[in-house]
Every structure is written in structure tokens, then in C-alpha cells.
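Report on the structure given below.
The values are calculated or read from the model by the stated rules, or taken from the named source; none is laboratory data. Quantities reported herein were computed from a predicted structural model and do not represent experimental measurements. Virtual Cβ from ideal backbone geometry, glycine too; neighbours counted across all protein chains shown. These area figures cover heavy atoms from the full protein model, side chains too; ligands, DNA and RNA do not enter into them. Shrake-Rupley method; radii C 1.70, N 1.55, O 1.52, S 1.80 Å.
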Amino acid sequence: MAVYEINDSKVKMEKTLLNLDAEFNAIRVGRANPHVLDRIEVDYYGTMSPLQQVGNIMVPEPRVLAIQPYDPSMLKKIEKAIMTSDLGIHPTNDGKVIRLVFPELTEEKRKETSKTVKKKGEDAKVALRNIRRDAMEAIKKDKKNSDITEDDQKNLEEKLQKLTDEYIKKVDAKIEVKTKEVMSI
């Protein structure tokens with residue numbers, strides 16, 4: 001039963017890493033990245049739909065995203081959704097395609113974005129530690145209920161700590177890579 005806790009914890013830790021990747025993809029770094037639009041939803045005939053489902057997103061130039069709606073009548077709604085989002089980029093609409101031009105980040109903005117990256121990374125580490133804590137409590141409960149021996153408990157706790165350390169190193173590596181990406185010109 002306690003071995004299940006280790007496997008369950010590994011699955012949860014993997015999901016935490018995937019969530020961190022999604023968070024990092026949404027961070028604007030001065031280059032056009034279609035993933036910055038992942039969280040934007042558009043009112044598509046009364047239903048809120050992800051932007052990717054209502055239009056084709058292209059990267060015609062390194063710092064430009066172009067969105068061509070499948071339905072041309074959606075141009076204004078897509079434009080409005082982008083303007084009301086926290087993206088911080090003003091869309092231009094030529095009647096057929098919406099363009100988003102990503103300006104170069106200033107040094108100040110790069111440092112600010114770097115801090116955001118570190119904060120999101122720290123949040124992921126807290127989530128990993130919470131997963132470890134919950135699993136440790138389950139292991140102690142199993143020991144208290146005599147489902148496992150004391151040796152098993154120590155063994156499982158060591159495995160869980162090693163797993164947590166491994167995932168924290170992965171988070172640190174992701175933070176380092178994203179920070180370099182943000183700080184590079």
C-alpha cells in the first residue's frame with residue numbers, strides 16, 4: 001500500500017513539472033511564441049473557446065504572431081479577447097488577419113520577468129514538498145496501522161526524499177534554462 005504512495009507521488013510530481021512547463025510557455029520573452037496565447041479564450045457563438053480552436057496561429061517572423069480566424073466574423077472578438085488579456089500586446093487587425101508584434105524586452109522588463117520565472121519555480125518546489133509531506137503522512141499512518149514495518153517505513157521515506165530531491169533538481173534546471181532565455185537578447 002505504501003509503495004503505491006511513492007508511485008502516486010511520482011505521478012503528481014510529474015504533473016507539477018508539466019504545469020510548470022505550461023506556466024513558463026505563457027511567459028513572454030520578446031520572441032513570438034504561440035504558447036503565450038494558450039490561456040486566451042474567445043466568445044465563440046456563446047461558448048468560451050480556446051483561441052487555438054477559433055483560428056490558425058502562425059509565426060511569419062521571429063517577433064510576430066499572426067492569427068487567421070476560421071470564421072472572418074470572429075476578428076473583432078479575437079481582438080477584444082487579446083486586448084482584455086494580461087498579454088500586454090496591442091493587436092493590429094487588417095480585416096483578414098490579426099497580428100501581434102512582440103517588442104524587444106527592456107533590461108528592466110527582463111529582470112522583472114526573470115523574477116517571475118523564479119517565483120513560478122519556487123511555487124513548483126512548494127507543490128513538490130507538499131506532495132512529499134502528504135505521502136510521508138500516509139506512510140506514517142500505514143506504520144501506525146501496522147500495515148508496514150519500521151524498516152519499510154524508513155526505506156519508503158528515503159525513496160520519497162530521493163524522488164523529491166530529483167524533481168527539485170529538475171525544477172532548478174528548468175528555472176535556469178528559462179532565465180537564460182529571458183535574459184538573452
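Annotations
- Here is the figure for region 98-117: residues that are surrounded by 14 or more Cβ atoms within 10 Å (Cβ to Cβ) and either in a helix (DSSP H, G or I) or not hydrophobic (A, V, I, L, M, F, W, C) (or both) total 7.
- Taking region 13-22 as the range and being crowded, with 17+ Cβ neighbours inside 10 Å and under 20 Å from Thr113 (Cβ atoms) as the test, only Leu20 passes.
- Test: residue in region 121-142 that is farther than 21 Å from Glu166 by Cβ, crowded, with 18+ Cβ neighbours inside 10 Å and either of a type outside the set (A, V, I, L, M) or modelled with pLDDT of 90 or more (or both): yes
- Members of region 60-75 that are open to solvent by 70 Å² or more (accessible area, probe 1.4 Å) and in contact (Cβ under 8 Å) with a residue 12 or more places away in the chain: Glu61, Pro62, Arg63, Gln68, Tyr70, Pro72
- Qualifying residue in region 64-83 (condition: modelled with pLDDT under 90, among the hydroxyl-bearing types (Ser, Thr, Tyr) and part of a helix (DSSP H, G or I)): yes
- Within region 160-173, if we keep just the residues that are surrounded by fewer than 18 Cβ atoms within 10 Å (Cβ to Cβ) and touching a residue at least 12 places away in the same chain (Cβ under 8 Å), the residue that is nearest to Arg133 (Cα to Cα) turns out to be Gln161.
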